[in-house]
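Q: Mind looking over this structure? Questions follow.
Please treat every number below as a calculation from the coordinates, not as lab data. Quantities reported herein were computed from a predicted structural model and do not represent experimental measurements. For neighbour counting, all protein chains shown are included, and Cβ atoms are generated from backbone atoms with ideal geometry for every residue, glycine included.
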Amino acid sequence: MGLDYGSVTVGVAISDSMLLTAQPVEVIKRKSENKLRQTLARIQVLAEENDVGIKGGMQVAWVEDKCNQWGVFVKACRNEFMEKLKARTGLEVVLWDERLSTVSAMDVLKEGGVRSEHRKTYVDKIAASLILQGYLDSIHN
């Protein structure tokens with residue numbers, strides 16, 4: 001399972017059973033940045049429905065700045081979201097660099113002919129699938 005964690009949304013992607021391809025699943029939206037309980041509950045349900053524990057674990061996106069230092073948002077993601085996610089699901093959680101995944105997702109949507117006013121609806125789950133695909137490609141190389 002790949003997650004593109006944002007301040008209000010989390011894009012979700014799942015791999016196939018052979019861990020070769022990533023497919024976008026959904027975008028989980030929060031009413032407030034600090035309200036994670038429902039988000040974590042939905043991720044847990046998706047993980048159980050898709051046998052994520054059998055396949056391995058989760059990859060949570062993160063970004064390094066130009067100096068390879070973690071920013072405030074990334075630290076909040078790692079410290080709060082990751083720890084709560086591990087505690088709730090019991091699964092391994094791996095941080096995965098997601099630089100340019102949103103830009104790439106927007107490019108995919110443009111090339112696919114998705115109108116600009118509809119792209120925001122899909123961009124986070126497409127970004128999650130690109131993040132997960134990058135991770136899957138790395139474990140096969």
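Q: Within 10 Å, count the other beta carbons around each residue, average over each peptide in 121-131, 10-20, and list them highest first. Intermediate results must be reported in sequence, preceding the final value.
A: Values: 121-131: 24.4, 10-20: 18.6.
Highest to lowest by the protection proxy: 121-131, 10-20.
Q: For Val8 and Ser116 in the same chain, what is the full-extension length gain: residue separation times 0.36 nm, less their Cα-Cα distance, in nm? Before the final figure, lay out each step's value.
A: Numbers: separation 108, 0.36 × 108 = 38.88 nm, distance 2.03 nm.
Extra length available between Val8 and Ser116 comes to 36.8 nm.
Q: My understanding is that a pair violates if its Cα-Cα distance is over 20 Å; which of Lys29/Lys110; Lys35/Lys86; Lys31/Lys110; Lys31/Lys84; Lys31/Lys86; Lys31/Lys125 do that in this structure? Write out the running numbers ahead of the final one.
A: Details: Lys29/Lys110 23 Å; Lys35/Lys86 17 Å; Lys31/Lys110 28 Å; Lys31/Lys84 18 Å; Lys31/Lys86 22 Å; Lys31/Lys125 18 Å.
Where the Cα-Cα span goes over 20 Å, the pairs concerned are Lys29/Lys110; Lys31/Lys110; Lys31/Lys86.
Q: On a full-extension model of 0.36 nm per residue, what is the gain between Ile139 and Asp16, subtracting their alpha-carbon distance, rounded to one decimal in nm?
A: Working: separation 123, 0.36 × 123 = 44.28 nm, distance 1.42 nm.
So the chain would gain 42.9 nm between Ile139 and Asp16.
Q: Next up: In nm, to one decimal, how far is the Gln38 label point from the Arg99 one, both placed 7 Å along Cα→Cβ?
A: Placing both labels 7 Å along Cα→Cβ, they lie 3.6 nm apart.
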